[in-house]
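To start, the structure itself, in structure tokens.
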Number of protein chains: 4
Amino acid sequence: MLHAPLTGVIPPIVVPLTDSRELDIASFERLINRMIEAGVHGLFFLGSSGEVVFSPDHLRKQILHEGIRIVNGRVPVLAGVIDTETPRVIEQAKRIKDMGVDALVATAPFYALGGPAETQRHFELIREAVDMPLFAYDIPVCVHQKLDYRMLVQLGKDGVLDGVKDSSADDVSFRMMVLENQRQGRPLSLLTGHEVVVDGAYLSGADGSVPGLANVDPHGYVRMWDAFQRGDWQSVRTEQDRLALLMRITMVVRSTVGFGAGIGAFKTALQQLGVFTTNQMPLPVAQLQGEEITWIRQVLVQAGLIDE
Amino acid sequence: MLHAPLTGVIPPIVVPLTDSRELDIASFERLINRMIEAGVHGLFFLGSSGEVVFSPDHLRKQILHEGIRIVNGRVPVLAGVIDTETPRVIEQAKRIKDMGVDALVATAPFYALGGPAETQRHFELIREAVDMPLFAYDIPVCVHQKLDYRMLVQLGKDGVLDGVKDSSADDVSFRMMVLENQRQGRPLSLLTGHEVVVDGAYLSGADGSVPGLANVDPHGYVRMWDAFQRGDWQSVRTEQDRLALLMRITMVVRSTVGFGAGIGAFKTALQQLGVFTTNQMPLPVAQLQGEEITWIRQVLVQAGLIDE
Amino acid sequence: MLHAPLTGVIPPIVVPLTDSRELDIASFERLINRMIEAGVHGLFFLGSSGEVVFSPDHLRKQILHEGIRIVNGRVPVLAGVIDTETPRVIEQAKRIKDMGVDALVATAPFYALGGPAETQRHFELIREAVDMPLFAYDIPVCVHQKLDYRMLVQLGKDGVLDGVKDSSADDVSFRMMVLENQRQGRPLSLLTGHEVVVDGAYLSGADGSVPGLANVDPHGYVRMWDAFQRGDWQSVRTEQDRLALLMRITMVVRSTVGFGAGIGAFKTALQQLGVFTTNQMPLPVAQLQGEEITWIRQVLVQAGLIDE
Amino acid sequence: MLHAPLTGVIPPIVVPLTDSRELDIASFERLINRMIEAGVHGLFFLGSSGEVVFSPDHLRKQILHEGIRIVNGRVPVLAGVIDTETPRVIEQAKRIKDMGVDALVATAPFYALGGPAETQRHFELIREAVDMPLFAYDIPVCVHQKLDYRMLVQLGKDGVLDGVKDSSADDVSFRMMVLENQRQGRPLSLLTGHEVVVDGAYLSGADGSVPGLANVDPHGYVRMWDAFQRGDWQSVRTEQDRLALLMRITMVVRSTVGFGAGIGAFKTALQQLGVFTTNQMPLPVAQLQGEEITWIRQVLVQAGLIDE
């Protein structure tokens, strides 16, 4: 369990699959060990990047079980309990609460239409049902609802929430949340989920980051964090610029959009880096191939991550 | 299993709960028997109105098990296999395929971002995995993606889909789908999900309707269908006008929006009608109370469903 | 000025341009005369289909001036006063109020963000400033705000509005608006703007239609209206099915989307029919050419409007 | 005319109105002089904050005429040419091009639906018609289209655009635009329009800012710019935090939303500061009053801008 506000770089883990779409445990070990050795401060399993919504319950359980085994207590572990509405989220939470996770991460309810009262009650009920550290996951692009920062800070004061993973791409709201959190005694740990503007979030007062791209380049994000800690903003922005250019691996994809382009590019890069054995994707998403692999390789070369 | 195109009135079943939020089986029997005795042509379990996204897997199974038991073969049974992405939907489908359902109903994938290729592959993979009649459920308000009618009709020709439940509120697209379906030899059974404009959908060439409001007034929807069958359009529209006015039970609600207002009003009306014992809602949704019950009662009186 | 509720077929006039993008008056005369001779019951100038947002003020004035001259009192004339916010709309209204139009048509304010109070005040202020019949134009796809039907009927009762042109593609809201208008003594004339589901709108209780496709086939829409008037619903739907298939002229376009595809197809069809001299479009929209003209021609042949 | 990339703080001017909604010239002089004396590097007239979409053409002209007279060459002047589609925007541009403005600012076309080809051609045609420096104004909340950063940088290379005012609230896209602009030799001056995260935009590589809140506190934004210029990031963020808290003047408003809340709060604050004589708003927007004025005053006191 977390004993203090969570800070630092906490990457959301991407899931390696075998060609037949089973969990590729050897690649998973390489991925996790590489990140911990780079110095990340925590790991987030079963997030949007972690294929949670593609994975049947048994696979969710396997991913988390193997992940916790590999981490072996070296860093705190967060786990997503992502499902449509409160009773199903609570069911997910109860299934994993005793597996060794340090905190749960839940989105707003989705699919059914509701209002702010239902969203607030949703987080309260999850905390009531499973009394362990809870992060709200603000990801309107997936759940089609933006969490109100005043509600989040109030839930922090009420002991319902311990933090927020903000993947809303709304830097205005994030800044106001940081200020409101400070006014209220900092009940929440505030983490940004946007890998290309982590520097701005740190400047805004973020407590840490959850960058998907850190699967590909964990060392860069750790260097950026260290520069931030010593107040060396010039190094912070230089590192962020380099990482933002690396993010172009997701933008050279032409065959699909969304998850298939973003996570597809991460997996392809990890395969090129020798961390993953395949770049296989969960159904119904196709794996990247042909020219797209060449283009992704070129970006990796330009970023200095592989030789030509 | 369905042996011919599905036609007629196929209501999506609303779920009665006890005060402690368990399935209220006595009320469920009253509800289902009342609809079958009114003459409906099929029943749809585990749809959006049927609390599928609120119900943990064991409750989904219980709802379907009891529903099939009560129906007892009198009408065809459709069942929703609603979950985020393909592997989880297939898992849901495999759990229920041998329980006695006549057709499955699946939405587009949701939560993760994708494009049309992923959506088409999604339906193809479900059909491959569970070879039984399959309906596409077009409900952009919940899954944030409108299904393209040309893709749907093509999937009908390909033997992937047997029909569409259209809850898109896009009557223009529905009309074009009907015409395209006719051009291609009518592979699909096309059902409208909008209870206040069923008459227009019939005029457009719909094969049937899936009206949530038929939980409250099944006789009205059956009368409208019968008038449609004999070409009596004046009676069709008169019945629809009456039912549209009855739909105001959902519009007098002030305390919440969306599912809580719509299904909350249906449950409250069913309680007033003596069909349901409670108007309890699944978490995190509050049940309606106080003045709202009075207002809903007034609409029921105006509609002639209860005495003053 | 209108002396009674407006009913019937009131097409929104498409604007013929010369190659150098000036008003092509000879084509305009052919277009308008053809529609009036077909029996339409009114004409709507300077709507979305009428290039109002592309036309500088002097061109707006010329379109309306020539239009009124050609109509010459044979049918009522509606004119759009489309601009961003209230003061600019009122300025547009004052410029044309003495030109001989029978009613003005205004959308919700757009561009600046506001709420329902501003929208209601907007219509009230327009009516105060220019006391002549006023229609609300509900077109969320352009102004990104859906007008609330209860507000519209109330504004009808208050003497602010005389009618609504509903281009919202929301047949559920349209039905509820018709019923509310009846409850309140029918203050509004309710017109649907969706050319492929006019039959359903008539069944819902619409007072008339504003179909852009009537520029191409006015006789079909007049025949549908006449069948509706004599209660011959089978003929209504048969005519609508034919017109819906004709609407495929807009769906064969591949080179662009939106206005360029829709109005581009109408203009191309009118050129093929010998009504327009060119299919020129306003800047920055490209005119259709090559294969797309061939495809549009094929649809016209299938619809029986031209010989092969 | 601009002779080099525009940099620094370029506030969008808010418009003071008399009680009868005419331009309040004395207040306008106080406002502009106060900002120039504070050290701003340019001024932007007729932007979204500058009531351009509320102002009839004669008022637009008066605002710009008086503004340029008061500025009197002390700083560069940008002017919005905001209208729906290309021909109307060009008409606006031609009306003001000889009035002494240094650059024009145009949004994507709005109201009519189009695609990326139309948007690109739109900017090209404006530049062709009026050959003077041109900024693209990226404001999807108003025009409902996000400008693609790759298109913008390409238009910079092509000599069509000189810069971008980014009010998209999309810091991820802004960062990628900055990097792409650098890769292409910096053809564009990139300005952020978001007053509460200007520090992050500077860290991302912005050339300047267009903060509406600088109407209320120009000195703060100039101090932040100066700290940025000398690399003092600690002072940059401290100043930004203070200004973000000041932005709460817009968040205490309860009576309305959007423009009425945001610009209404700015005008009310300027009245409290003695710069404006009234807080009058353009129709159909109501001016703030009562408690809301008290709450805004409290925020100003907390920010140290007025005494208690």
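Some points to look at:
- Among the criteria (1) within 20 Å of A:Thr84 (Cβ to Cβ); (2) crowded, with 22+ Cβ neighbours inside 10 Å; (3) of a type in the set (A, V, I, L, M, F, W, C), the one B:Val141 does not fulfil is (2).
- Region C:261-280 - residue that is touching a helix residue (DSSP H, G or I) at 6+ places or on another chain (Cβ under 7 Å) and within 10 Å of another protein chain (Cβ to nearest Cβ) and, of those, farthest from C:Val9 (Cα to Cα): C:Ala261
- Among the residues making up region D:10-44, a single one is under 19 Å from D:Ser189 (Cβ atoms) and among the aromatic types (Phe, Trp, Tyr): D:Phe44.
- Across region B:211-219, a minimum of one residue is classified as without any contact (Cβ under 8 Å) to a residue 60 or more places away in the chain and part of a helix (DSSP H, G or I).
- Within region A:12-61, tally of residues that are more than 11 Å from every other protein chain (Cβ to nearest Cβ), charged (D, E, K, R) and assigned to a helix (DSSP H, G or I): 5
- Residue match in region B:213-229 (condition: at positive phi and within 11 Å of chain C (Cβ to nearest Cβ)): no
- Among the candidates A:Arg95, A:Arg127, residue that is farther than 29 Å from D:Ala169 by Cα, basic (Lys, Arg) and in contact with a strand residue (DSSP E or B) (Cβ under 6 Å, 6 or more places away or on another chain): A:Arg127
- Screening B:Gly47, B:Gly73 for residues that are in contact with a Pro (Cβ under 7 Å, 6 or more places away or on another chain) and either at pLDDT below 95 or under 20 Å from B:Pro133 (Cα atoms) (or both) leaves exactly one candidate, B:Gly47.
- Note on region C:110-123: residues that are more than 7 Å from chain D (Cβ to nearest Cβ) and surrounded by fewer than 18 Cβ atoms within 10 Å (Cβ to Cβ) total 1.
- Meets criteria (on the phi > 0 side of the Ramachandran plot and more than 8 Å from chain D (Cβ to nearest Cβ)) for C:Gly100: yes
- Of everything in region A:62-85 that is in contact with a strand residue (DSSP E or B) (Cβ under 9 Å, 6 or more places away or on another chain) and assigned to a helix (DSSP H, G or I), the residue that is farthest from the other protein chains (Cβ to nearest Cβ) is A:Val71.
- D:Val52 vs. criteria of a type in the set (Val, Ile, Thr) and surrounded by 24 or more Cβ atoms within 10 Å (Cβ to Cβ): yes
- Of all residue pairs spaced 6 or more apart or on separate chains, those with beta-carbon atoms under 6 Å, a first member in region B:107-129 that is basic (Lys, Arg) and a second member that is modelled with pLDDT of 95 or more are B:Arg121/A:Pro284; B:Arg127/B:Leu134; B:Arg127/B:Val160.
- Of all residues making up region D:220-235, the number that are assigned to a loop (DSSP other than H, G, I, E, B) and either aliphatic (A, V, I, L, M) or crowded, with 17+ Cβ neighbours inside 10 Å (or both): 0
- Residue satisfying condition, being touching a strand residue (DSSP E or B) at 6+ places or on another chain (Cβ under 7 Å), modelled with pLDDT of 95 or more and of a type in the set (D, E, K, R), within set D:Asp158, D:Asp148, D:Asp199, D:Asp162: D:Asp162
- Residues of region C:158-180 classified as under 16 Å from C:Gln145 (Cβ atoms), surrounded by 24 or more Cβ atoms within 10 Å (Cβ to Cβ) and among the charged types (D, E, K, R), total: 2
- Residue list for region A:181-194, restricted to those being touching a residue at least 60 places away in the same chain (Cβ under 8 Å), crowded, with 24+ Cβ neighbours inside 10 Å and not aliphatic (A, V, I, L, M): A:Ser189, A:Gly193
- Of the residues screened, C:Gln287 is one that is touching a residue at least 12 places away in the same chain (Cβ under 8 Å), closer than 30 Å to D:Phe110 by Cα and not hydrophobic (A, V, I, L, M, F, W, C).
- Only listed residue being surrounded by fewer than 24 Cβ atoms within 10 Å (Cβ to Cβ), assigned to a helix (DSSP H, G or I) and β-branched (Val, Ile, Thr), chosen from A:Thr256, A:Thr278, A:Thr238, A:Thr268: A:Thr238
- Contacts under 8 angstrom Cβ, first residue in region A:228-256 being over 19 Å from A:Thr268 (Cβ atoms), partner of a type in the set (Asp, Glu), 6 or more apart: A:Phe228/A:Asp199; A:Trp233/A:Asp199; A:Val236/A:Asp199; A:Arg237/A:Asp199; A:Glu239/A:Asp199; A:Gln240/A:Asp199
- Filtered residue count, region C:91-108, keeping only those that are in a helix (DSSP H, G or I) and farther than 21 Å from C:Ser49 by Cα: 2
- With respect to the conditions (1) touching a strand residue (DSSP E or B) at 6+ places or on another chain (Cβ under 6 Å); (2) outside any loop (DSSP other than H, G, I, E, B), D:Leu245 lacks only one, and its number is (1).
- Taken over region D:169-191, the criterion of being within 10 Å of chain A (Cβ to nearest Cβ) and within 22 Å of D:Ser49 (Cα to Cα) is satisfied by D:Ala169, D:Asp170, D:Asp171, D:Phe174.
- Extreme residue, nearest to the other protein chains (Cβ to nearest Cβ), among residues of region C:230-255 that are within 24 Å of C:Glu292 (Cα to Cα) and among the charged types (D, E, K, R): C:Asp241
- Options C:Ile63, C:Ile32, C:Ile25, C:Ile13: the member that is more than 19 Å from C:Gly212 (Cβ to Cβ), in contact (Cβ under 8 Å) with a residue 12 or more places away in the chain and among the hydrophobic types (A, V, I, L, M, F, W, C): C:Ile25
- Pairing residues of region A:195-206 that are within 7 Å of another protein chain (Cβ to nearest Cβ) and within 13 Å of A:Leu245 (Cα to Cα) with residues that are outside any helix (DSSP H, G or I) and not acidic (Asp, Glu), at Cβ distances under 9 Å and at least 6 apart in sequence or on separate chains, gives A:Val196/A:Pro211; A:Val197/A:Ala169.
The values are calculated or read from the model by the stated rules, or taken from the named source; none is laboratory data. On a predicted model such as this, the values are computed, not experimentally measured, just so you know. Methodologically, a virtual Cβ is constructed for each residue, glycine included, from the backbone with ideal geometry; neighbour enumeration extends over all protein chains shown.
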